[in-house]
Amino acid sequence: MSSLYVYLGVYITILLLVSWFFSRKQKEEDFLIGGRDRGSWQILLSKFAGAIGAGYFITYTGFAYEYGTGIFAILLGMFLGYLLFGYWAAQKIHKNSKENKFYKIGDFVYHQTKNKFSSKIADWVSNIGLFLWLVVGIVGGSKIISDFGFLSYELAVVLTMFVVVSYLFLAGFKAVLITDVLQAIVILLLLIIVTFGVLGGTTPSSLFKVKTGVLDWGVMIGFFFFGMLEIFSRSPMYQLCYAAKNSKKLKHGIGLAIIPIIIVGFLLLLIGLFMANNAPGIDSGLVFTEALKHFLPSFLLPIAIVLFFAGIMSSADTNIYAISSHYSIGKNKNPLKEIRKSSFILMLILLIISLIFRDVVNISIIAGGVSLVMSFAMIYLIAGGKSYKKFLASTIMGFLAGIIGVLIFGIEPFLAILVIVFSGLGLLWKK
């Protein structure tokens, strides 16, 4: 128990010191968008860290437990999505971002459509999706930490929020980028240690013979398109594009970020298959927790808890800053003060919601659906589309399809297909 507090104390102290160091003498552009001079490696590691939250550990291991190699449907979709975004979309988004002072996803939408309402819709829909993923990461990670008895659920939530908001206060988006580099390295190294600690003497090759459930075609298609399209509607991706030094560094940074993400997906697949072979019949949402409880050597447990904190914070800081900046920038002449204020208010809202809602799986499905609502609409604009009517029709039809789908079918992964189909049909709207 004491070693955990030492590890956490050292880790949190390093995060805060790094943020403080880079906050000295920073300019407003550094706080708001990282100075617009970020290189390939920083973009790559920031994208990786932002994508791998605690909820990722829970859901992907659970999917691997139920469907085995079926999770490659998501990973293949992500692989294609990252390449398409990095080597096609990112350069188009970055092209006019410096001279036009883009900060939010809505800035790009306005630049293409010249319609303020479309810009606001883009910001709000993106914020709803980010907020839901934020809840998933905080609730999921804190539940796992509390299950081990190291910290209470409430204390884990409060500690995470306090640390994240503290370094956001110091350096804003620059803090997100700088700390993501550190947290990306921590997540990858610790997950490798934890994975092979759980597997023990089991060889990875033997696990691919384990029988699991079969992924039906409908869910597989939904997983594939979610993995490929979700990236196009996430506002942190656009902020990374605006923060890049040039288009060359940007395309390699985002395009190659899929490599560590696939490595993490493969490691979680191994844990899921191992648990399917050694602990059949458990709740898929508890697979990662049960693996750590029963198969990870006890001396490695503190490392696993630090891993979860890194996972929670690496995605939480990205989402909190994105939501706060989308709400604050443009409201008054002091955006730094407004972002700090809104970050604090958002922290309080998250604390309340995290103490009330604790069903990670259902929130994840809803968050996934919302994340797809604008995908086709944004692809249309990135490809050179200018019609705000097409953008709004696609976004609104996707959003309504998700709501109607929940009312008819309940909270199921099938919602992703409904959102994708109807948002695509919305682009048929005539000018």
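The values are calculated or read from the model by the stated rules, or taken from the named source; none is laboratory data. The structure presented is a predicted model; accordingly, all values stated were derived computationally and were not measured. With ideal geometry, Cβ positions are generated from the backbone for all residues, glycine too; neighbour counts draw on all protein chains shown. To get the accessible areas, we keep the full protein, side chains included, count just its heavy atoms, and leave off ligands, DNA and RNA. Shrake-Rupley method; radii C 1.70, N 1.55, O 1.52, S 1.80 Å.
For region 199-235, a tally of residues being under 15 Å from Thr69 (Cα atoms) and in contact with an Asp or Glu (Cβ under 8 Å, 6 or more places away or on another chain) returns 2. In summary, Glu99 fulfils each of the numbered conditions (1) farther than 30 Å from Phe274 by Cβ; (2) touching a residue at least 12 places away in the same chain (Cβ under 8 Å); (3) surrounded by fewer than 23 Cβ atoms within 10 Å (Cβ to Cβ); (4) not small (Gly, Ala, Ser) with the single exception of condition (2). Listed by position, the helices (runs of 4 or more DSSP H) inside region 286-403 whose residues that are touching a Ser or Thr at 6+ places or on another chain (Cβ under 8 Å), modelled with pLDDT of 85 or more and surrounded by 22 or more Cβ atoms within 10 Å (Cβ to Cβ) number at least 3 are 287-295, 375-382. Here is a check on your reading of the model: is Ala90 in contact (Cβ under 8 Å) with a residue 40 or more places away in the chain and touching a Cys at 6+ places or on another chain (Cβ under 6 Å)? So Ala90 passes the test. Looking only at residues of region 133-181 that are closer than 26 Å to Gly368 by Cβ and of a type in the set (Asp, Glu), we find that the one that is most open to solvent (accessible area, probe 1.4 Å) is Asp147. On inspection, Met275 fails the criterion of being part of a helix (DSSP H, G or I) and within 25 Å of Asp123 (Cα to Cα). Identification of helices (runs of 4 or more DSSP H) wholly contained in region 96-208 with 1 or more residues that are modelled with pLDDT under 90 yields 116-147, 153-199, 204-207. Considering every residue within region 28-42, establish whether at least one is among the aliphatic types (A, V, I, L, M) and open to solvent by 20 Å² or more (accessible area, probe 1.4 Å). No, region 28-42 contains no residue that is among the aliphatic types (A, V, I, L, M) and open to solvent by 20 Å² or more (accessible area, probe 1.4 Å).
In region 213-232, which residue that is farther than 14 Å from Val373 by Cβ and in contact with a helix residue (DSSP H, G or I) (Cβ under 6 Å, 6 or more places away or on another chain) is modelled with the highest pLDDT? So, considering only residues that are farther than 14 Å from Val373 by Cβ and in contact with a helix residue (DSSP H, G or I) (Cβ under 6 Å, 6 or more places away or on another chain), the one modelled with the highest pLDDT is Met228. Of all residues in region 44-54, those satisfying the criterion of being out of contact with any His (no Cβ under 8 Å at 6 or more places or on another chain) and either assigned to a helix (DSSP H, G or I) or open to solvent by 20 Å² or more (accessible area, probe 1.4 Å) (or both) are Leu45, Ser46, Lys47, Phe48, Ala49, Gly50, Ala51, Ala54. Among the residues of region 227-240, those identified as over 14 Å from Ile379 (Cβ atoms) and in contact with a Lys or Arg (Cβ under 9 Å, 6 or more places away or on another chain) are Ser235, Pro236, Gln239, Leu240. Can we say Ile259 is open to solvent by 30 Å² or more (accessible area, probe 1.4 Å) and touching a residue at least 12 places away in the same chain (Cβ under 8 Å)? Considered against the rule, which asks whether it is open to solvent by 30 Å² or more (accessible area, probe 1.4 Å) and touching a residue at least 12 places away in the same chain (Cβ under 8 Å), Ile259 comes out as no. Picking from residues in region 19-50 that are under 15 Å from Ile185 (Cα atoms) and of a type in the set (A, V, I, L, M, F, W, C), the one that is farthest from the chain's Cα centre (by Cα) is Trp41.
Return yes or no: is Tyr11 among the aromatic types (Phe, Trp, Tyr), over 26 Å from Ser126 (Cβ atoms) and assigned to a helix (DSSP H, G or I)? Yes: the conditions hold for Tyr11.
Given the residues Leu8, Leu17, which is the only one that is surrounded by fewer than 23 Cβ atoms within 10 Å (Cβ to Cβ) and in contact with a Leu (Cβ under 9 Å, 6 or more places away or on another chain)?
Answer to the check: Leu8.
Take Gly272 and decide whether it is of a type in the set (Gly, Ala, Ser), crowded, with 24+ Cβ neighbours inside 10 Å, out of contact with any strand residue (DSSP E or B) (no Cβ under 7 Å at 6 or more places or on another chain) and more than 23 Å from Ser325 (Cα to Cα). Here the answer is yes, as Gly272 does meet what is asked.
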